[in-house]
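What follows is one structure encoded as structure tokens, with my remarks underneath.
FYI, it's all coordinate maths here, none of it is from the lab. Given the structure is predicted, the values throughout are model-derived calculations rather than measurements. Backbone-built Cβ (ideal geometry, glycine too); neighbour counts: all protein chains shown.
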């Protein structure tokens, strides 16, 4: 609701210039600028830019819940469609912009030995660095983490300037040959669109927060032409849980954006590979080997980024202007000296690899060089994402293994394309740590269900190998490097959820029937020296009471009074052993003890819970 | 169906709240309208951008493909690979370009990449005639016969765009050439007989007939040539081919007929000299052959003549062999006396001049080798034969005719093995000996 928005400083609401917002207002990590490292200073600046806009509150004194109780809910759905469409259009134009920049700068068919391969990334790197440092500081960094930050820290706020900045700088960088991908910026553009649109309608803070993942799903879905993967990724990596409140909107926006994208790009899947038939079970061993190799490669990739990125961010501030051009130069040199395939997102190279156009040695070299080029590009702070490079490395590794087998084990009749595709999923699962999304992503970008068995096998192995070698997921590594503390979705997924049964204590308190008289109840408590007791009421209802509460009742009622007649109308809610432990907490403020019942036999008590029991159980973990 | 109000309220609203609600409705409507207009404008802009982009993509794809085609045309395969890859980057999934690119990779010598690429294309479209053909060629180049044959058949029975029948026939003939190259003549013949039925035009039949000749199937080739030669106007190639095939089959009468017609046409022949030579030889054969269709006297005369010619050939060969044995004998160590009389060479020599020998000379020879054995056997038969065959002997004993001609044929065949190819009438008799029953066909 609009009441929940921060009050305007000058009454102008959203029109407040972002530059005028005091840093203290943002809930972002507080750093003393004098003591902070350059990376922290940058993070603070980015945080300042991301600071929530102040909404106009013309009707703050009106009870919105009274005049329009379902408005937020319905606008949420309607806006999700608009967000999907607008995100889809922006992502389509974003991809076109990247291609135009590439054609205009690197030429229509760049090849090794062209001087422009060195000059273009160098110059564009300098331009991008200047833009990011002077105009669009919010464009720096991972779009996924920025979206998560918007969700968890900035009340869903992503500024218009950040969206524009991300669009321009990422298009320049990717078109100029930097080894980065367009999906991550697309995701952030989608989230930004959602944030901008939703702010216009003045929705509640809770809704505003949720719009960021809705837009993210739209942006990612349009970029990949894969709605299911986008939805799963947002749930797996951004939101972290299946929430009915947001799922409908995420689905609507993702589908809307994909419909728009397909209107332009067509409905055929991104990659075309023939149906895969694993006739020889030995072939699964090869896919398992691919999983192991993918897990190792993902770990190398993560460690390289984890090593280089913080070091580059901690360099003096002025180096931020030269890091992207130097990174561009490095990438350009790799391209100039024989490997122009690693420049840019590289989707056409992935397609070539799937069609077995390269030898296994070249494919392996491309995978390793792509890791190097992407590590340098991303660590330099150049806007761009990790999705396409991840897919590239995976495709090259997979195709390399597939081609190797084809050459040395021709009897297996393997298909190189399927290995490349599985390789993509493997890196996606192992590097980005989104195992479920990785499986669906492979299915969606290929439109080929027959590949599911090898994908599941290889992805699972890669995920486990990568986790054992690199316990921290890459997005979490980035989060820590950026000085933020966002929830780790992987940790959340693996959290052990405590249930009532974990704190349950055997029934030790007296049970008094509701039909008993007050005097009888008091005598029973005296005999058993009990401080609390349970009252069994008709219809499997329960009531709990302390000795003092009974004494208060006895003071104002005759001892022959039936206990049930003097009880307050509320009853203890039904609780069962499998419910989450925290579900008991709200009731423990009212009730001194809670009976936990058996689902199969209503009315029979499995045990009891007190606040002390719950706290003791939590403290034990 | 109950309509759900957009703004549902539970309790009556005050005047201020109603006003606020109206303002809220207005604000939301305007906001949604604004978003709608923005969406429309954005859609139009994106569409314009996309149209321009698509045009550029298709132009670039066409330009690079054209360059690739030109590079292929001048044999610059490496440039073609680069250009076609660029074309594919702008038109991904274009099957024609993909196939051209894979072909260019093969031309550039990147057989492994080309095979892998074609295999991937094949995985996507296993029934494609053109992809199977390219894979067959690659396998043939890499000496993988089984794979090559599999893909050749896949191509023949695969799908082709447009001129499928023609392309399938071409692939089949290519397969035939490959089979001939691999000396798998029987399979080549089978494929050719199928191909013959697919196209009955004169050039097509002549092509099949020529390949049948190469596939060591002259009888089938002759059938094809004769079929075309019977058309009006007769094909000079068919006449020549029929004559040569018939000659190869030992059908000298047929051969002579076609070869004469071919020469009489006064038109350029594929191998004019061969036609003339073969015609001459066919004439010689027919002149020497004691055909059952000839009058008896003429036939017997030819038998007697053949007998004389063969006997002379035998004697000459025996002498040649004896000379060769003597020359091969060691000079320092004289050959030990043969256990059962004189040496084979001396016996053959003596047999050669039978009138000067005593009957004791007619001792069975001990074979020293296959040639010696054959010659010894021949010597025995000649010794047993009449020294001089007269026509009246044959008239009195008609059964001699067959036996004498058999001796003639055996003599020509054995002496050709032992003493080399004969000339003149001996050569004609040797040809007859190969297949006497076909000479008159």
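Here are the numbers for the structure shown:
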{"quantity": "Shape call, chain B: gyration tensor on alpha carbons, a/c limit 1.5", "calculated": "prolate"}
{"quantity": "Per-q log10 I(q)/I(0), segment A:68-130, q = 0.13, 0.30 Å⁻¹ (Debye; single scatterer per alpha-carbon; no solvent)", "calculated": "-0.57, -1.14"}
{"quantity": "In Å, descending, principal axis extents of the Cα set of segment A:349-447", "calculated": "47, 28, 19"}
{"quantity": "Rg/Rh (Cα only; Kirkwood hydrodynamic radius) as it applies to segment A:81-178", "calculated": "1.04"}
{"quantity": "Relative packing of A:346-357, B:145-156, A:309-320, which averages over residues the other C-beta atoms within 10 Å, highest first", "calculated": "A:346-357, B:145-156, A:309-320"}
{"quantity": "Chain B, helix-only ellipticity at 222 nm - DSSP H runs n ≥ 4, -39,500 (n - 2.57), divided by all residues, nearest 500", "calculated": "-24500 deg cm²/dmol"}
{"quantity": "Rh by Kirkwood over Cα pairs, then Stokes-Einstein D for segment B:118-166 at 0.692 mPa s and 37 °C, µm²/s", "calculated": "314 µm²/s"}
{"quantity": "Kirkwood Rh (inverse of mean 1/r, distinct Cα pairs), chain A, angstrom", "calculated": "27.0 Å"}
{"quantity": "Partner chain coverage, peptide B:111-122 - average Cβ within 10 angstrom", "calculated": "6"}
{"quantity": "Percentage relative contact order, segment B:84-134, counting C-alpha pairs under 8 Å, at least six apart", "calculated": "25 percent"}
{"quantity": "Shielding by other protein chains, A:67-73, mean Cβ within 10 Å", "calculated": "6"}
{"quantity": "Peptide ranges A:404-411, A:131-138, B:408-415 listed from the most packed, as the mean C-beta count within 10 angstrom indicates", "calculated": "B:408-415, A:131-138, A:404-411"}
{"quantity": "Whole-number percent relative contact order across chain A, with pairs defined as alpha carbons under 8 Å at least 6 apart", "calculated": "14 percent"}
{"quantity": "Simple label model, 7 Å out from Cα along Cβ direction - residue A:319 to residue A:582, nm", "calculated": "4.1 nm"}
{"quantity": "Listed residues B:84, B:138, B:33, most fluctuating in chain B (Gaussian network, C-alpha, under 10 Å)", "calculated": "B:33"}
{"quantity": "Pair-distance profile P(r), taking every C-alpha pair of the protein assembly as shown, with 20 angstrom steps and integer %", "calculated": "10, 26, 22, 16, 12, 8, 5, 1, 0"}
{"quantity": "Residue exposure sequence - A:401, B:270 - by fewest surrounding Cβ within 10 Å", "calculated": "B:270, A:401"}
{"quantity": "Ratio of the Cα radius of gyration of segment B:128-218 to 2.2 N^0.38 Å, where N counts its residues", "calculated": "1.03"}
{"quantity": "Highest-first arrangement of B:317-324, A:263-270, A:390-397, where packing means the average Cβ count within 10 Å", "calculated": "A:390-397, B:317-324, A:263-270"}
{"quantity": "Within a Gaussian network of chain B (alpha carbon springs, distance under 10 Å), most fluctuating of B:47, B:122, B:382", "calculated": "B:47"}
{"quantity": "Other protein chain Cβ atoms within 10 Å, averaged over every residue that makes up B:97-108", "calculated": "1"}
{"quantity": "Relative contact order, percent, segment B:106-158 [alpha-carbon distance under 8 Å, six or more residues apart]", "calculated": "34 percent"}
{"quantity": "Base-10 log of normalised Debye intensity for segment B:38-80 (one unit scatterer per alpha-carbon) at q = 0.31 Å⁻¹", "calculated": "-0.91"}
{"quantity": "Chain B: most fluctuating residue of B:176, B:74, B:44 per GNM, C-alpha cutoff 10 Å", "calculated": "B:44"}
{"quantity": "Inter-centroid distance (Cα atoms) of segment A:348-395 relative to segment A:594-621, Å", "calculated": "54 Å"}
{"quantity": "Whether segment A:437-483 is rounded, prolate or oblate, judged on the alpha carbon gyration tensor where a/c under 1.5 counts as rounded", "calculated": "oblate"}
